[in-house]
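What follows is a set of notes on a single structure, which appears directly below.
Every read-out reported here was derived from the displayed coordinates using simple, explicitly stated rules and does not represent laboratory data. These figures come from a predicted structure and were not determined experimentally. For neighbour counting, all protein chains shown are included, and Cβ atoms are generated from backbone atoms with ideal geometry for every residue, glycine included.
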Amino acid sequence: MTAQTQKPKIRDAEATRARILAAAKVEFARFGLGGARVDTIAENSGANKRMIYHYFDSKENLFREVLEAAYVDIRSAEQALDLDALAPRDALEKWIRFTWDYYLANPEFITLVNSENLHRAKHLEDSQAIRVISRRFVASTKDLLDRGVDDGVFRSDIDPVQLNITIAAIGYYYLTNRFTGSIVFERDFMTPEALEERLAFNIETIMRLVCV
């Protein structure tokens, strides 16, 4: 068989795999690992169950690859912000805004992370891909903090891991608890005005924490 006849098959396989991952992302985000159905993933991807097991071996392996891809997507989008080209304060604000906007535009990311935490992260604990991108992300955060310290605008005692957690948490918690929160606090959490107010509060909170 010639290389020319092999290329279309390789492209077809990659396309099929991508369709399966896309359909699985939607299904797992809606129903979690336990509730997701391989039959539904097969139907929505235009593949069949045999092909899914051929490419991914099991439902759990498919879930793991969906999770890895979700983390790679957000970290890749963060890298594309080119924060190094901005002054430290501007870079920090851009990052806070990006995180908030990403959660709003990609609600499946939050539900996938929630689902994996219910499983005590057993699907990601051996993932080298997650470790690599996470270490790179923490290093980028440290670089930003160091630049701010050198410029005299950031405190020198900020842990980059704690900062990552805090920026994620102040947006994450608001959105995951928006339904109960709207009852407890008697306000609609998801109106455009409420979302803008929350973003402004997030930015002010982080700036007060980090800046001198």
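List of remarks:
- Extents of the chain, largest first, come to 64, 47, 30 Å (Cα atoms, principal axes, whole angstrom).
- Magnitude of the charge dipole for the chain, about its Cα centre and with charges confined to Cβ atoms of Lys, Arg (+1) and Asp, Glu (-1), is about 860 debye.
- Helix 3-35 axis, angle to the chain major axis (alpha carbon atoms, nearest 10°): 60
- Residue-by-residue Karplus 3J(HN,Hα) for the range 106-120, coefficients 6.51, -1.76, 1.60, Hz, glycine and proline x: 10, x, 5, 4, 5, 5, 5, 5, 4, 4, 5, 5, 4, 9, 6
- The chain, relative contact order [Cα under 8 Å, separation at least 6], %: 19
- Selection from Gly152, Asn177, Ala194 lying farthest towards where the dipole of the range 150-201 points positive, charges on Cβ: Asn177
- Once backbone amide H atoms are built at 1.01 Å from N, Phe154 has Val149, Val212 as its partners under 5 Å, excluding neighbours fewer than 5 places away on the same chain.
- The range 34-108: C-alpha gyration tensor shape, a/c 1.5 cut-off, then a/b vs b/c: prolate
- Here the 3J(HN,Hα) profile of the range 167-178, calculated from phi with Karplus coefficients 6.51, -1.76 and 1.60 at θ = phi - 60°, is 4, 5, 5, 5, x, 4, 4, 4, 7, 6, 10, 5 Hz, Gly and Pro shown as x.
- Note on the range 23-129: dipole from Cβ charges, positive end direction compared against Leu86, Ile41, Asn61; the farthest Cα belongs to Ile41.
- Rounded to the nearest whole Hz, the Karplus-based 3J(HN,Hα) values (6.51 cos²θ - 1.76 cosθ + 1.60, θ = phi - 60°) of the range 75-80 follow the sequence 5, 5, 5, 5, 4, 5, with x at glycine and proline.
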